[in-house]
Amino acid sequence: MKTVFKLAIGLLLLNYILRPGQIHATPDDSGDLAQGAAIAVDSVYQNDPAYAAGHAVDNSDSTRWASAVNAGTHWLRVDLGEVKSVNQVQINWESAYGRNYTINTSLDGTNWQTVLTVTGNTSGGLVSHNFNTVAARYLQLNCTSAAFNSNISVYEFRVYCGNLALNRSVTVDSTFSAGYEGGRAVDGDQGTRWVSLPNAGTHWISVDIGQTKLVRQVQINWEHAAGADYTIQLSTNGTTWTTAVSVIGNAASGWLAYSFDANPARYVKVNCTRASLGANISIYELYIGVEDSAALVNFWTKTGITAPNVTGGDQPVPSNLVSLLVP
């Protein structure tokens, strides 16, 4: 009987382990996930070690990978070593930039999905590409058209698990008027903002990040109509909330950043009981980060420009972070 029981348990465990679709990605927004990663490329310029593939992931913007000189397709592929949650790629192009290219992801290095398509890029330099969070071990830059119809060259190819709030579903207590809706606080655009109604009541914004994650940091880019007294609350069901951070007497605007012990949450709410100006509150952007962060994400290192004609999202990352750590 014991043998039969053990066999049954073993089969159940095997069924769980092999069940298709059970991919468990490791969330990590501690920095560039591609730094030092194994890398493969289609070619190297004149097979010169000075332009070897590894220079695109060596965390140096003074070294670069360059492909062979031809008008064919050029590609760069990185292996993160394990499946990670990713939603942002940054490419620091040399003047030999890609004109038309895609960002593709894969769990196994064989089956690929395109998460972003760029057509008609017209400049080199640093470009940040955001897309919906996906589980991936491999990421590929696949360029079908180079700027000068020859080779391409990349100073640095960086991969991040960025803002989990980006373009997610939002609910708010109120909206001041058209053009200031809650979604403006998660659109990746630092020039748009959510604004509540102008009264002295409680104002709040809640973001549904789509699935339960171990959330450990929230950053708020306040407009001058900031919250004075507010909490950051977490929930797995959108009904029962726990308070992760409590702020009393804030008088600052701009980027304020809060880290805390990682807690499971699908919903994140900023609940303001008193506004700094005594009326409404306004938020340019919300950032939500997950577990395994060694430190708060430093937006100073993640500035970028916007490339044209992008499918899948291409928002510059803010560069004016002011960190305020709250125990």
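The values are calculated or read from the model by the stated rules, or taken from the named source; none is laboratory data. Just so it is clear, the model here is predicted, and its values are computed rather than measured. Glycine also receives a Cβ, built like all others from the backbone with ideal geometry; neighbour counts cover every protein chain displayed. Calculation scope for accessible area: heavy atoms of the full protein, side chains included, ligands and nucleic acids excluded. Shrake-Rupley method; radii C 1.70, N 1.55, O 1.52, S 1.80 Å.
For Ala225, the residues 5 or more places off, or on other chains, whose built amide H falls under 5 Å of its own are Ser282. Under 5 Å between amide hydrogens, built in the peptide plane, is the criterion, and for Asn151 it picks out Asn70 among residues at least 5 positions away or on other chains. With no solvent and one point per C-alpha, what does the Debye sum give as log10 I(q)/I(0) for segment 183-240 at q = 0.12, 0.15, 0.21, 0.22 Å⁻¹? Scattering profile of segment 183-240, log10 relative to I(0): -0.35, -0.56, -1.08, -1.17. The length gained on full extension between Thr242 and Ser62, counted as 0.36 nm times the residue separation minus their Cα-Cα distance, comes to 60.2 nm. Here the accessible area of segment 169-302 is 49 percent carbon and sulfur, with a 1.4 angstrom probe and all protein chains present.
Taking every pair of Cα atoms in segment 145-276, average 1/r, invert it to obtain the Kirkwood radius, and report Rg/Rh to two decimals.
Working: Rg = 17.6 Å, Rh = 16.3 Å.
Here Rg/Rh amounts to 1.08.
Put a dot 7 Å past the Cα of Phe260, heading toward its Cβ, do the same for Leu277, and the two dots end up 2.7 nm apart. Phi angles of segment 56-63 translate, via the Karplus equation with coefficients 6.51, -1.76, 1.60 and θ = phi - 60°, into HN-Hα couplings of 7, 9, 9, 6, 10, 8, 10, 10 Hz per residue; Gly and Pro are given as x.
Applying 1/(1 + (r/R0)^6) with R0 = 45 Å to the Cβ-Cβ distance of Asn47 and Asn132, what FRET efficiency is obtained, to the nearest 0.05? Walk me through the intermediate numbers first.
Details: r = 38 Å, r/R0 = 0.84.
Efficiency, from the Cβ-Cβ distance: 0.75.
Placing pseudo-labels 7 Å out from each Cα toward the beta carbon at Ser123 and Ser177 gives an inter-label distance of 3.3 nm. Distance from the alpha carbon centroid of segment 206-281 to that of segment 113-178 works out to 26 angstrom.
Per residue, the accessible area of segment 112-219 comes to 36 Å², computed with a 1.4 Å probe over protein heavy atoms only.
Phi angles of segment 177-189 translate, via the Karplus equation with coefficients 6.51, -1.76, 1.60 and θ = phi - 60°, into HN-Hα couplings of 5, 4, x, 10, 5, x, x, 5, 7, 9, 9, x, 10 Hz per residue; Gly and Pro are given as x.
The Kirkwood radius of segment 43-109, taken over pairs of alpha-carbon atoms, gives through the Stokes-Einstein law at 37 °C and 0.692 mPa s a diffusion coefficient of 242 µm² s⁻¹.
By the Stokes-Einstein formula, at 0.890 mPa s and 25 °C, segment 235-291 with its Kirkwood radius over alpha-carbon pairs has D equal to 185 µm²/s.
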